[in-house]
Amino acid sequence: MKREQLSTDITRIQFDSMEEWLVNRKGIGGSDASAILGLNPYKTNQELWMEKKGQMSPVDISDKPYVKYGNDAESPLRALFSLDYPEYTVEYYDNNMLINKKYPWAHASLDGELVDLDGRRGILEIKTTNILQSMQWEKWDNRIPDNYYIQVLHYLLVTEYDFVVLKAQLKRVRDGEVRLTTKHYHIEREEVLDDIEMLKNEEEKFWHSLRSGQGPGLLLPEI
């Protein structure tokens, strides 16, 4: 395991293996954040609470084809981003986890880290989605789906970086032909400070509910 102190509060950890990384994923991670707000279409806030309390086992989706595709596609999509946007220096740290002393409940594992021409640090988030219905396409129309937006807010909270670029590869298969649409969304930290503060407060309340044993009320995403 390698530890690197990025600032007084922030540490980057690189674990020796994926297995070690998985064991150390305690607290609240990026994929948990949207469930806390009731904005995760796959998991409620109460289900997440029971998982964190050890009362319920999380569903293992690691063998799902779309999960395997996303994992395998991450490296080439990161390399493609580097080719398409040479104004950024792209960094990647294997089996990474960033922690921040200000928020001891939170951790962040990034698909990539960016440095722009002004030396500002940013986050690269990569998503792959298989579009099966028009409703899914609409969720990406000039916006980021809520659950992914909350995820990158969480990463901004933990890392205190200046910006995020989310690269989304949207795949549709029609008549046996694969059609790919790539979208890029840029978020400046300064433009979402209120949202980051809101998320911090909700995560802190959720963490206190875990410590107290008092479960949260059920929140459900809008259909």
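The values are calculated or read from the model by the stated rules, or taken from the named source; none is laboratory data. Since the structure is predicted, the reported quantities are computational estimates derived from the model, not experimental observations. Glycine also receives a Cβ, built like all others from the backbone with ideal geometry; neighbour counts cover every protein chain displayed.
Hey, does segment 159-168 have a residue that's more than 23 Å from Tyr85 (Cα to Cα) and either touching a residue at least 12 places away in the same chain (Cβ under 8 Å) or part of a strand (DSSP E or B) (or both)?
No, there is no match, as no residue in segment 159-168 is more than 23 Å from Tyr85 (Cα to Cα) and either touching a residue at least 12 places away in the same chain (Cβ under 8 Å) or part of a strand (DSSP E or B) (or both).
Report, by residue number, each residue of segment 77-127 that is within 20 Å of Thr181 (Cα to Cα), of a type outside the set (Val, Ile, Thr) and not in a loop (DSSP other than H, G, I, E, B).
Leu77, Arg78, Ala79, Leu80, Phe81, Ser82, Leu83, Asp84, Leu124, Glu125, Lys127
Take the residues of segment 1-24 that are in a loop (DSSP other than H, G, I, E, B) and among the hydroxyl-bearing types (Ser, Thr, Tyr): which is surrounded by the fewest Cβ atoms within 10 Å (Cβ to Cβ)?
Per the criteria, the residue is Thr8.
Look at Asn95 and say whether it is in contact (Cβ under 8 Å) with a residue 12 or more places away in the chain and at positive phi. Lay out the reasoning, then the answer.
On the way: in contact (Cβ under 8 Å) with a residue 12 or more places away in the chain: yes; at positive phi: yes.
It is true that Asn95 is in contact (Cβ under 8 Å) with a residue 12 or more places away in the chain and at positive phi.
Within segment 182-191, can you find the residues that are more than 21 Å from Val67 (Cα to Cα) and either charged (D, E, K, R) or surrounded by 15 or more Cβ atoms within 10 Å (Cβ to Cβ) (or both)?
Taking segment 182-191 as the starting set, the residues that turn out to be more than 21 Å from Val67 (Cα to Cα) are 185-191.
Result: Tyr185, Ile187, Glu188, Arg189, Glu190, Glu191.
Test of understanding: among Asp94, Asp84, which residue is more than 25 Å from Asn130 (Cα to Cα) and either loosely packed, with under 13 Cβ neighbours inside 10 Å or out of contact with any helix residue (DSSP H, G or I) (no Cβ under 8 Å at 6 or more places or on another chain) (or both)? Break it down into steps so the answer makes sense when it comes.
On the way: Asp84 fails: more than 25 Å from Asn130 (Cα to Cα).
That would be Asp94, the only listed residue that is more than 25 Å from Asn130 (Cα to Cα) and either loosely packed, with under 13 Cβ neighbours inside 10 Å or out of contact with any helix residue (DSSP H, G or I) (no Cβ under 8 Å at 6 or more places or on another chain) (or both).
For Glu203, are the conditions met, namely being over 22 Å from Gly112 (Cβ atoms), touching a residue at least 24 places away in the same chain (Cβ under 8 Å) and not small (Gly, Ala, Ser)?
Yes; evaluated as a whole, the condition is true for this residue.
Kindly indicate whether any position in segment 27-34 is at pLDDT below 95 and closer than 15 Å to Glu203 by Cα.
yes
Across segment 48-71, what is the number of residues that are loosely packed, with under 11 Cβ neighbours inside 10 Å and among the charged types (D, E, K, R)?
Result for segment 48-71: 2.
Determine which single condition Ile187 fails, assuming it passes every other condition in (1) at pLDDT below 90; (2) β-branched (Val, Ile, Thr); (3) under 16 Å from Arg143 (Cβ atoms).
Answer for Ile187: the failing condition is (1).
Condition (residue is assigned to a loop (DSSP other than H, G, I, E, B) and either of a type outside the set (D, E, K, R) or farther than 19 Å from His154 by Cα (or both)) applied to segment 66-76: is it met by at least one residue? Talk me through it step by step, then tell me what you get.
Residues of segment 66-76 assigned to a loop (DSSP other than H, G, I, E, B): none.
No, because not a single residue in segment 66-76 is assigned to a loop (DSSP other than H, G, I, E, B) and either of a type outside the set (D, E, K, R) or farther than 19 Å from His154 by Cα (or both).
Could you list, in sequence order, the residues of segment 169-200 that are part of a helix (DSSP H, G or I) and of a type in the set (A, V, I, L, M)?
Taking segment 169-200 and keeping what is part of a helix (DSSP H, G or I), we get 189-191, 193-200.
Within segment 169-200, Leu193, Ile196, Met198, Leu199 qualify.
Taking segment 133-181 as the search range and keeping residues that are of a type in the set (Ser, Thr, Tyr) and modelled with pLDDT under 95, which one is surrounded by the fewest Cβ atoms within 10 Å (Cβ to Cβ)?
First, pick out the residues of segment 133-181 that are of a type in the set (Ser, Thr, Tyr): 134, 148-149, 155, 159, 161, 181.
In the following step, the residues that additionally are modelled with pLDDT under 95 were identified as 134, 181.
Working: Ser134: 7, Thr181: 13.
Once the filter is applied, the top-ranked residue is Ser134.
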